[in-house]
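Report on the following structure.
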Amino acid sequence: MNYDWSVVWRNADVLWEGTKVTVFLAVTTMAIAIPGGIALALMRLSRIRTLSIASAVFVELFRNLPLILVIYSAYYILPVATGVRFSPIATAIVALGLNVSAYNGETFRAGIASIRQGQSEAGYALGMSRFRVMIDVILPQAVRRVLPVLASSWVSLFKDTSLVSVISVGDLAFESMRVRSQTFRVLEMLTAMAVIYWMLGYPQAKLVDWINNRYRVSE
Amino acid sequence: MSLDFSAVFTSWQFLLAGVGDTLALSALTIALSLVLGGAIGLARCYGPSGLRWALIFYIDSMRSIPVLVVLVWTYFALPIVTGVTLPPFWAAASALTVHISAYVAEIVRAGIISVRPGQSRAAFALGMSRTQAIREIILPQALVRMLPALGSILSITIKDTAIAAVIAVPEYMNRSQTVAGQSFHPIEVFLAATVVYFTIIFPVTRVVDIVYARLAYLGRS
């Protein structure tokens, strides 16, 4: 068997472009999904029943569907439902955003619920409104507490961005597989893809472990 | 916008066979991952240090590589190295098992280290051997604490099997794509898929929650 690894170097620029798209997708999605998750958590904990039910339905729906199905559905349904033509990358961000917001919603809800009731009671005793208690007392503590979980979600998201390659978004997975089918250097390109993901993901996984140790809640 | 689900209904037998494959692939992957991941988790905690470092490297690598990449590599690149081509179903089962076992191993380890050291010290003070302490004191407590995380592995695996569609495993996602392409009614087909997947996965997460709520007291120490 002869291998020709030079194909990887010859296509380094394509792989670099793909890597940039992968990082862009992960960053943009998280930037949407953190406020999205906080909004879902606040809706869920709201006293207005409609809001709370809507949030629960949204979260349970997207947590119980395969992401690849959400991506395909978004690809076909978004243009018809909205009448707007979405680029593949915009579709990808919507699909990933829905998925990660749902997970973050549960994360924040658990984080808020984990703050002892005495904290909000103390806030009320000082004459703060429900809104101010949430913003000034509960959320700052909850965000710190959910940081390890958010970090894990980030790593999952980073890996999950590879799934948008199925709707032809030019991310690292898509570009690697495209070069593979153009050059027929299957082993070389797929191994290069795996190694690049590994090089990007490994330090992140280790960082998550570190954050987990650093911010561990001790009872 | 009017929806026409006739394509889904006329292909129901074809799609239903896909549900069968999804469930078979999920069940096989879950069974293999629990056994392999359990063994790896134990070896990661109690094995010789050389083996431990190798397993840490394996686990962290699987945490950093997307499951899509593992699937595609196993199906397309592995045959070039080994000369053996696995059928898509078995390639998917192996790739998913290799990936998910790493997560199971981490859950097992987290369960084991969650048991306070005082427990094993007490066991040693009673004259138990290391094996006895692990088997009779640590593992029973650890196992209960692993349950919710292991339960979520069930739904994660079912969701991940949908990615096997990419390597042409004729499971439900793959067959939905086929029907969507042939019928020119992708919206209806994927809406139906949403209902089907939700109907499979939601009860699994609910049952896991209910079972754990009943058993949680066993994990207190």
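Every read-out reported here was derived from the displayed coordinates using simple, explicitly stated rules and does not represent laboratory data. Please read all numbers here as calculations on a predicted model, not as lab measurements. A quick note on method: Cβ atoms are made from the backbone with ideal geometry, for glycine too, and the neighbour counts reach across all protein chains shown.
Quick notes
- Segment B:6-219: C-alpha gyration tensor shape, a/c 1.5 cut-off, then a/b vs b/c: oblate
- Each of B:32, B:83, B:128 was scored by the projection of its Cα onto the charge dipole of segment B:6-219, and the greatest displacement toward the positive side belongs to B:128; charges sit on the C-beta of Lys, Arg, Asp and Glu.
- Nitroxide proxy distance, nm - points 7 Å out along Cα→Cβ at residue B:12 and residue A:51: 4.2
- Cut-off of 10 Å, at most 14 other beta carbons, DSSP loop: longest stretch of chain A lacking such chymotrypsin sites (Phe, Trp or Tyr not before Pro): A:6-183
- To the nearest ten degrees, helix A:88-113 and the longest principal axis of the Cα atoms of chain A are 30 degrees apart.
- Among the trypsin sites (Lys or Arg not before Pro) found in segment A:170-219, those both in a DSSP coil and sparsely packed, with 10 or fewer other Cβ atoms within 10 Å of their Cβ, are A:216.
- Summary of the geometry: segment B:25-81 and segment A:1-69, compared by the centres of their Cα atoms, lie 24 Å apart.
- For segment B:142-198 and segment B:84-102, distance of Cα centres in Å: 16
- With Cα atoms, 0 to 90° folded angle of helix A:12-45 axis to chain A main axis: 20
- Among the DSSP helices (H) of chain B, those spanning at least 20 angstrom by Cα along their long axis with an average Kyte-Doolittle hydropathy of -1.0 or more are B:12-46, B:49-64, B:88-113, B:139-161, B:186-215; this is a geometric and hydropathy rule only.
- In sequence order, segment A:171-185 has phi-based couplings of 8, 4, 5, 4, 5, 4, 6, 5, 4, 4, 6, 7, 9, 6, 8 Hz under the Karplus curve 6.51 cos²θ - 1.76 cosθ + 1.60, θ = phi - 60°, and Gly or Pro positions carry x.
- Measuring between their Cα centroids, segment A:81-129 and segment A:143-219 lie 23 Å from each other.
- For the peptide A:58-71, the mean number of other protein chain Cβ atoms found within 10 angstrom of a residue's Cβ is 6.
- For segment A:162-219, size of Cβ-based charge dipole, Lys and Arg +1, Asp and Glu -1, in debye: 80
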